[in-house]
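All of the numbers you see were taken from the coordinates with simple rules; none came from a lab. Since we're looking at a predicted model, the values are computed, not measured. Neighbour counts run over all protein chains shown; Cβ positions are idealised from the backbone, glycine included.
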Amino acid sequence: MNTIYILWLRQVKKYFRSRSRIVGSLGQPILFLVAFGFGFGSIYQKAGGGSYIQFLAPGVILMGVLFTAVFSGIELIWDRQFGFLKETMVAPVTRFEIMLGRTVGGATVATLQGLIVFVLTLIIGFRPHNLLLLPLAFVFVFLSALLFTSLGTAIASLLEDMQGFQLIMNFLVMPIFFLSGALFPLKGVPQVMEIIARADPLTYGIDGLRGALISTSSFGMINDFLVLAVVTISLLAIGSYLFEKIQV
């Protein structure tokens, strides 16, 4: 447990020390909130959807979580190339503890990023419907962060080259986000897109977060939670197995 805590603390400290990283990672969420939120707001309202900012905000919050969580896997490759991972591996602890500490640390950082984006949405005009459900919203944010940090760690465990990791992430992260229903309602979309969206784990994170923040859920928050929990546990198991196989 001490190793898990130390690795978790290292990840969190690195996050707070890198102010440029915090500010830089907010650029895309702000762009989406302003350009899409206000740009398509009137069209969405005329179509009978109500406030587009209210609909868009949960998706943008988890967009910030998604990118921060997945790309935390790059740090594994960086540590592997510069020897820090080797120093960690020789410690008298299991590789599972090392992997879990890094993953939980990355998920915590991604959750903090999501909370910062949430504050930005409040400034722009987003308003939660029920403040009592904010703790539940936090659960969906953290569970999504843990899921995608596990995914990033699993993929990074297979790679030795940062460029290869970025290439895979570009083919994975953007489709995960754009096909999750973050920017548009899934009701009435072509059946093919609906099937793809249902296979996308981010879909359930956004749907659950919308249920907690604006009382709108397509699948039901219980179903969203169960899907996220099952996928997260599966990816943690896969990530742990692949991390065990790393040659340093």
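Tabulated results
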read-out	value
Residue exposure sequence - 109, 23 - by fewest surrounding Cβ within 10 Å	23, 109
Hz values of 3J(HN,Hα) by residue in region 215-227 - Karplus curve (6.51, -1.76, 1.60), Gly and Pro given as x	6, 10, 9, 7, 10, x, 5, 5, 4, 4, 4, 5, 5
Test item: Cα-centred dipole of the chain, Lys/Arg +1 and Asp/Glu -1 on Cβ, debye	500 debye
The chain: Lys pairs at Cα distance under 28 angstrom, eight or more positions apart or on different chains	6
Region 137-204 shape via C-alpha gyration tensor axes, a/c threshold 1.5	oblate
Tilt relative to the chain, helix 95-124 - C-alpha long axis, 0 to 90 degrees, to 10	30 degrees
Degrees between helix 162-178 axis and first principal axis of the chain (Cα, 0 to 90, nearest 10)	20 degrees
Inter-label distance for residue 238 and residue 9, nm, one decimal - labels placed 7 Å from Cα along Cα-to-Cβ	3.3 nm
Of 139, 192, 60, the one that fluctuates the most in a GNM where the chain has Cα springs shorter than 10 Å	192
Farthest toward positive dipole pole in the chain [+1 Lys/Arg, -1 Asp/Glu at C-beta], among 71, 122, 184	122
Potential extension, residue 123-residue 158 segment - 0.36 nm per residue separation minus Cα distance	8.5 nm
Theoretical gain in end-to-end length, residue 96 to residue 74 [0.36 nm per residue, Cα-Cα removed]	6.1 nm
Relative contact order (%) - criterion: Cα under 8 Å, at least six apart; region: region 130-248	42 percent
Value of [θ]222 nm, deg cm²/dmol, for the chain, DSSP H segments ≥ 4, -39500 (n - 2.57) each, nearest 500	-24500 deg cm²/dmol
Dipole axis of region 117-228 (+1 Lys, Arg; -1 Asp, Glu on Cβ), positive-most option in 227, 171, 154	227
